[in-house]
Amino acid sequence: MKDISPIEWKNFKLKVLDQTLLPHIKKYILCSHFKEVGEAIKDMKLRGAPLIGITAAMAVAMEMKKNKAGNYASLHRDLKTIADYLIKTRPTAVNLRWALERLIKTAEHNKDRRPSSIRDLIIAEVNKIYKEDLENNKAIGKFGAELIREKDRILTHCNAGALATAGYGTAVGVIRAAHEKKKKISVLVDETRPYLQGARLTAWEMSELGIPHVLITDNMAGHFMQKGMVDVVIVGADRIATNGDTANKIGTYSLAVLAREHKIPFYVAAPSSTIDFRIKTGAEIIIEERDEKEVKIIAGKEMAPKKTKALNPAFDVTPAKYISAIITEKGVIRAPYDLNLEKTFLNKETIASL
Ligand code: MRU
């Protein structure tokens, strides 16, 4: 099966496939400074919770390669400056904080070593984060595919595919794995207004991979569920609270409620880097508010009266009670999520670092 990769990471330079231009233009931009990576994240040239974390880590690696700090204190200060800048780029996906903190902890756990060796350890950790994400996605795909039946018609929202990760994808990873197992599945791709990640990115991935799919607008989902044309819903996640409440692309919550009404399983597929054990419920998740222009302007044309204001929250929170299961790299987790997520992912070391 074809490989789709949203980035190329070589010699401390990051080539980013500009996702704002997909599906019709395939152009790469080069980032060799952490602020360029930050700009690419802010401008949505790269997006998706895991990918934001991975590329922020790479931004740290490129600065560590150039760093000349002569002692631990100034190296730690430099690291914090870079991390503080990157963490402000997008507020909802916790993978960003997770990746940056993992690198800061690498420095802190090795503070007695020489700065050059701390820098090497940080760079090694970045490469590990990148590699692990791909492995995790493959594991999510394998576990998730077991939940998919022959000829299932799967509805997905936004893009939780290779383009949102190190490769392969989370929700799309499950779809791919089921397709690879020849389950004869087909996919309803939610357009995902206002940014159209479904139409522009997921539909493109499906075409590249040869997976049968149709595009629908977001407001058609209920209709197709009512007609019995959706067997399962699978989405990704930007942040999962300890109790299982899940933030994902705006529109996910409505799909979950509709799925419950129609007795359709609703699955969230996400790696453990998306779980935020520091928060108890989804009420604590910060929802990114984006420019109203994304709602008002379509294909360069203003659609609403000039004076009309638009709201543009980028994510919503689906309460855990609507989620049939969370598919992770360690297996399929079911309710009660607080107990089962903690049991699966928390050890003494991670609890201490919370
Ligand atoms: O605003 P985006 O495009 O970064 O939002 C992406 C999503 O909501 C995805 O579903 C989520 O990050 C999971 S990606 C594996």
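Miscellaneous remarks
Matching residues to (1) polar (S, T, N, Q); (2) assigned to a helix (DSSP H, G or I); (3) more than 10 Å from the ligand (Cβ to nearest atom); (4) crowded, with 24+ Cβ neighbours inside 10 Å:
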site: G222; (1), (2), (3), (4): no, yes, yes, no
site: G228; (1), (2), (3), (4): no, no, yes, no
site: I234; (1), (2), (3), (4): no, no, yes, yes
site: V257; (1), (2), (3), (4): no, yes, yes, no
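- All positions within region 81-138 that are assigned to a helix (DSSP H, G or I) and touching a strand residue (DSSP E or B) at 6+ places or on another chain (Cβ under 7 Å): Y130, N137
- Scanning region 301-315 for residues that are part of a strand (DSSP E or B) and surrounded by fewer than 21 Cβ atoms within 10 Å (Cβ to Cβ) returns K301, E302, P313.
- From the list L46, L147, the lone residue that is open to solvent by 10 Å² or more (accessible area, probe 1.4 Å), closer than 29 Å to Y168 by Cβ, of a type outside the set (V, I, T) and not in a helix (DSSP H, G or I) is L147.
- Restricting attention to region 259-292, the residues that are in a loop (DSSP other than H, G, I, E, B), out of contact with any Asp or Glu (no Cβ under 8 Å at 6 or more places or on another chain) and open to solvent by less than 20 Å² (accessible area, probe 1.4 Å) total 3.
- Options E180, E146, E191: the member that is within 16 Å of the ligand (Cβ to nearest atom) and acidic (D, E): E191
So that you can scan it fast, the table gives a plain yes or no per residue for (1) of a type in the set (D, E, K, R); (2) within 25 Å of A139 (Cβ to Cβ); (3) open to solvent by 10 Å² or more (accessible area, probe 1.4 Å):
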site	(1), (2), (3)
A178	no, yes, no
E205	yes, yes, no
L209	no, yes, yes
G244	no, yes, no
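- Restricting G331, G282 to those that are more than 30 Å from T217 (Cβ to Cβ) and either in contact with a helix residue (DSSP H, G or I) (Cβ under 6 Å, 6 or more places away or on another chain) or in contact (Cβ under 8 Å) with a residue 40 or more places away in the chain (or both) reduces the list to G331.
- Among (1) in contact (Cβ under 8 Å) with a residue 60 or more places away in the chain; (2) touching a strand residue (DSSP E or B) at 6+ places or on another chain (Cβ under 6 Å); (3) within 14 Å of the ligand (Cβ to nearest atom), the one test that M58 misses: (3)
- Scanning region 236-255 for residues that are of a type outside the set (K, R) and near the ligand (Cβ under 9 Å from one of its atoms) turns up G236, A237, D238, A247, N248, I250, T252.
- Residue in region 164-173 that is over 16 Å from the mean Cα position of the chain (by Cα), modelled with pLDDT of 95 or more and within 16 Å of the ligand (Cβ to nearest atom) present: no
- Annotation note: of K105, K88, the sole residue that is of a type in the set (D, E, K, R) and within 16 Å of the ligand (Cβ to nearest atom) is K88.
- Some residue of region 1-16 being in a helix (DSSP H, G or I) and in contact (Cβ under 8 Å) with a residue 60 or more places away in the chain: no
- Taken over region 59-108, the criterion of being open to solvent by less than 60 Å² (accessible area, probe 1.4 Å), under 21 Å from K15 (Cβ atoms) and touching a Phe, Trp or Tyr at 6+ places or on another chain (Cβ under 6 Å) is satisfied by A59, M62, E63, I82.
- Among the residues here, I122 qualifies as under 30 Å from D78 (Cβ atoms), more than 12 Å from the ligand (Cβ to nearest atom) and open to solvent by less than 30 Å² (accessible area, probe 1.4 Å).
The values are calculated or read from the model by the stated rules, or taken from the named source; none is laboratory data. Small disclaimer: the values here were computed from a predicted structure and weren't measured. As a convention, Cβ positions derive from the backbone with ideal geometry for all residues, glycine included, and neighbour counts pool all protein chains shown. For the accessible areas, the whole protein counts, side chains as well, though only heavy atoms, and no ligand, DNA or RNA atoms are used. Shrake-Rupley method; radii C 1.70, N 1.55, O 1.52, S 1.80 Å.
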